[in-house]
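A quick write-up on the structure given underneath.
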There are 2 protein chains.
Amino acid sequence: MKLLCSQTELHKSLQFVSRAVATRPTIPILNNILLNADARKGQLSIIGFDLSLGIQANLPASVEESGTVALPSRLFGEIISKLSDETPLSISNLNSNNQIEINSFSGTYQVSSIPADIFPKLPVVENGIPIRLEAESLIRGLRATLFASSNDEAKQILTGVHLQFNGQELECVATDGHRLAVLRLTHGVTDAGVNESGVTTENYAVTLPTRSLKELERLLSGCPSKEDIKLLYNEGQAMFIWSNQTLTSRTLEGIYPSYQNLIPTHFAQSITLDRKALIVALERVAVLAGKSNNIVKFICDSESNKLYISTDAQDIGSASESITVDFNGAPLQIAFNVQYLLDGLKVIADEIIQILCNASDTPAILTSQAEVRNFTYLIMPVQIRD
Amino acid sequence: MKLLCSQTELHKSLQFVSRAVATRPTIPILNNILLNADARKGQLSIIGFDLSLGIQANLPASVEESGTVALPSRLFGEIISKLSDETPLSISNLNSNNQIEINSFSGTYQVSSIPADIFPKLPVVENGIPIRLEAESLIRGLRATLFASSNDEAKQILTGVHLQFNGQELECVATDGHRLAVLRLTHGVTDAGVNESGVTTENYAVTLPTRSLKELERLLSGCPSKEDIKLLYNEGQAMFIWSNQTLTSRTLEGIYPSYQNLIPTHFAQSITLDRKALIVALERVAVLAGKSNNIVKFICDSESNKLYISTDAQDIGSASESITVDFNGAPLQIAFNVQYLLDGLKVIADEIIQILCNASDTPAILTSQAEVRNFTYLIMPVQIRD
């Protein structure tokens, strides 16, 4: 292997790829990244892979001699990050031993490498269903749902985000059993394509691990908003491809719960209020709620048009706040987990929002008039005794 | 207790004071801060004290009823930090129980308090030696030395910074046995005073714990540079007083080593070089040096006028850098701990610096021509076998 490439480009690619390198892997080789220099393409590819999530970044390089090598991810990344970008870096392997030599403007570095053939192969999705998405839409779908998936590994399929394609629409769904976030994207799903076997994407669904999608959201944040993301998937594996990057992820097995039946369609009470005012009040009350069980109580009636929010942390203290709202329905008393409320409030794009409910023990909905057809955040109330 | 005060002022004071609150104290009361409202002074004092370091902040308050109370530092600080600053906060104790009530613009908070008499008394230095220092000078003295003190509690007096007053001069000194930093302040020591018993500050010295002085440096960073800091000390206790704040600290016992004898006065070799170029090169080499023993080797001769810096981390890799220098003396080969070098280089105020040495096993000095009389950083070389 022998090549010249830009320090800036290499550093950026290493930062991306390192997100898929396990910090304490079960197999030592997974501490490494794979470098693949291709003279024909004039390209250096870098791959990080933890057996579940894989990230590949390609950068232009003038490759004199093709070659593949595995290098310790962290050490190599640290060295490159500190080098000068005044002149291109030269990277080559010394034939005498298994060392890679990096030559920069001011110095020379040698790093012990590992034979590339030990590094596990990154899965490739062949003949999968292709879907095209705009970066902006996909980011929005992920941000609106990722937080609501379960952290409990025992809950298997609920540890992921469910992507449901219905023709030209994409529904992103996540739930941990206590709350459910559903975002429907009607724009930016630019091509519900047909694969080579003629199977269309109509009514196809896939559930991907939250961790993979969190990294995808991070990587896409740096993309132009209209960047075209191609999603390919088949049983067991999904692959997102855009500009010079590829992210592959295993899929989660199992049948995703039929969440649509859980969402009430009629509501006896509605609170219309300012989103930011509610966030600020909840964040204050959360300081004390956090000292016991995170429960906050809402009391509201149509006469005062005030929402009273309170919490009581026994032996420690108590808090109460009130905000002006527009209330419709019979007097309301209901309690929620304050963190669940805050999570949902933070992803609603509108400033005037609605809380819709029926009783203190049936699901409530957070939404906005503008978004009512597209975003639904369902939250189960907490039972309280007075 | 009943008072009105500004949320902004209270929040700022609580942030200062919380630095002296132990996170996992041996005695539970030390988790708390003391609030003292004084109607006559129109002042609220807040005290944090971990039995070694104490910080007091005073803020203006319209006090209707004087009183003293202890409150959980973290919880009270978090509540205040989130409250609105639109209107003054009202703080009062409810006579019915041991709760403090905070009323803000939008809500009401109650926090369980602890009787103030359990809270340990903050030591007061009476009839101590008073010295006046400018904030700017004291900060400079602390930054140039704090890093060189020992972290090893067994080294007792070396875990502190030694302050030596010689008439109108202050010498700040720290050493951990491997390196020694000495900064002499000739400006900004505005008053080597006389105490009430007529004892002057000539040739007085005190050694204070690094932790206390780190907090002092932090607190002073927010001060105007010419702010007048009064230092009072006697056996066992020192007290820094400025504007609305006081920091008290126990002193370290023992006799500080006579460091002056350790500093060579003649040198066989000198390297004159650009400080930033050396820092950048060392930081690069440090990535690999850090993988083994932090040792970097310097090789230099007067013919090439190049300083070669290298390190070798067995089985992992190696690194070498070179920078242009001005060298005088017989060819040099010497090794150092790279972190010790970087620590010293980062506090030298000049851009052209000097490394002075005699042999590969005798102390070297980092200094600058402009500062040679005021700042000395001595560093012991590391023995290497070739």
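Whether any residue in the stretch B:241-261 is at negative phi, assigned to a loop (DSSP other than H, G, I, E, B) and without any contact (Cβ under 8 Å) to a residue 24 or more places away in the chain is what I want to check.
Of all residues in the stretch B:241-261, those at negative phi come to B:241-242, B:244-253, B:255-261.
Checking the rest, the ones that are also assigned to a loop (DSSP other than H, G, I, E, B) come to B:244, B:251-253, B:255-258.
Then drop every residue that is not without any contact (Cβ under 8 Å) to a residue 24 or more places away in the chain, which leaves B:258.
Yes; the residues of the stretch B:241-261 include at least one that is at negative phi, assigned to a loop (DSSP other than H, G, I, E, B) and without any contact (Cβ under 8 Å) to a residue 24 or more places away in the chain.
So, in the stretch B:324-334, of the ones that are in a strand (DSSP E or B) and surrounded by fewer than 19 Cβ atoms within 10 Å (Cβ to Cβ), which residue ends up farthest from the other protein chains (Cβ to nearest Cβ)?
Looking only at the stretch B:324-334, we keep the residues that are in a strand (DSSP E or B), and these are B:324, B:326-328, B:332-334.
Right, trim to surrounded by fewer than 19 Cβ atoms within 10 Å (Cβ to Cβ) and you get B:324, B:326, B:328, B:333.
Values: B:324: 10, B:326: 18, B:328: 23, B:333: 18 Å.
Taking the candidates together, the pick is B:328.
Quick check on this structure: which one of A:286, A:277 is within 14 Å of chain B (Cβ to nearest Cβ), under 23 Å from residue A:176 (Cα atoms) and modelled with pLDDT of 90 or more? Break it down into steps so the answer makes sense when it comes.
Values: A:277 fails: under 23 Å from residue A:176 (Cα atoms).
After applying the criteria, what remains is A:286.
Select from the stretch B:297-308 the residues that are away from chain A (no Cβ under 12 Å) and buried (at least 18 other Cβ atoms within 10 Å of the Cβ) and write down the one among them that is farthest from residue B:274 (Cα to Cα).
Applying the first criterion (away from chain A (no Cβ under 12 Å)) to the stretch B:297-308 yields B:297-305.
From what's left, buried (at least 18 other Cβ atoms within 10 Å of the Cβ): B:297-298, B:300.
Details: B:297: 18, B:298: 15, B:300: 15 Å.
By that ranking, first place goes to B:297.
If I go through the stretch B:49-68 residue by residue, how many of them are more than 24 Å from the chain's Cα centre (by Cα) and outside any strand (DSSP E or B)?
Final tally of qualifying residues: 2.
Scan the stretch B:309-323 and report the pairs whose first residue is facing chain A (nearest Cβ under 7 Å) and whose second residue is of a type in the set (A, V, I, L, M) and buried (at least 21 other Cβ atoms within 10 Å of the Cβ), with Cβ atoms within less than 6 Å and a gap of 6+ or a chain change.
Hits for this filter: B:317/A:111; B:317/B:288; B:319/B:285; B:319/B:288; B:321/B:281; B:321/B:285; B:321/B:309.
Is it the case, given these coordinates, that residue A:348 is farther than 16 Å from residue A:272 by Cβ and either surrounded by fewer than 20 Cβ atoms within 10 Å (Cβ to Cβ) or away from chain B (no Cβ under 14 Å) (or both)?
Values: farther than 16 Å from residue A:272 by Cβ: no; either surrounded by fewer than 20 Cβ atoms within 10 Å (Cβ to Cβ) or away from chain B (no Cβ under 14 Å) (or both): yes.
So residue A:348 fails the test.
If residue B:386 satisfies every condition in (1) modelled with pLDDT of 95 or more; (2) out of contact with any Ser or Thr (no Cβ under 7 Å at 6 or more places or on another chain) but one, which is the exception?
(1)
Residues are listed down the side, and each one gets a yes or a no for (1) within 14 Å of another protein chain (Cβ to nearest Cβ); (2) assigned to a strand (DSSP E or B); (3) under 29 Å from the mean Cα position of the chain (by Cα); (4) surrounded by fewer than 17 Cβ atoms within 10 Å (Cβ to Cβ):
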site: B:78; (1), (2), (3), (4): yes, no, yes, no
site: B:85; (1), (2), (3), (4): yes, no, no, yes
site: B:105; (1), (2), (3), (4): yes, no, no, yes
site: B:133; (1), (2), (3), (4): no, yes, yes, no
site: B:154; (1), (2), (3), (4): no, no, yes, yes
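Show the residue pairs meeting these rules: Cβ distance below 9 Å; 6+ apart or different chains; first residue within the stretch A:118-143 and on the phi > 0 side of the Ramachandran plot; second residue surrounded by fewer than 19 Cβ atoms within 10 Å (Cβ to Cβ).
So the pair list comes out as A:127/A:195; A:127/A:196; A:127/A:197; A:127/A:234.
For residue A:376, state whether it is within 12 Å of chain B (Cβ to nearest Cβ), on the phi < 0 side of the Ramachandran plot and part of a strand (DSSP E or B).
Values: within 12 Å of chain B (Cβ to nearest Cβ): no; on the phi < 0 side of the Ramachandran plot: yes; part of a strand (DSSP E or B): yes.
Criteria not met by residue A:376.
Could you list, in sequence order, all residues of the stretch B:296-308 that are over 16 Å from residue B:283 (Cα atoms), of a type outside the set (A, V, I, L, M) and in contact (Cβ under 8 Å) with a residue 12 or more places away in the chain? Write out each step before concluding.
Just the residues of the stretch B:296-308 that are over 16 Å from residue B:283 (Cα atoms), to begin with: B:299-306.
Filter once more, so that each one left must be of a type outside the set (A, V, I, L, M): B:300-306.
If the condition is that a residue be over 16 Å from residue B:283 (Cα atoms), of a type outside the set (A, V, I, L, M) and in contact (Cβ under 8 Å) with a residue 12 or more places away in the chain, then B:300, B:301, B:302, B:305, B:306 are the ones that fit.
The values are calculated or read from the model by the stated rules, or taken from the named source; none is laboratory data. Please read all numbers here as calculations on a predicted model, not as lab measurements. Here Cβ is always computed from backbone atoms with ideal geometry, including for glycine, and neighbour counts include all displayed protein chains.
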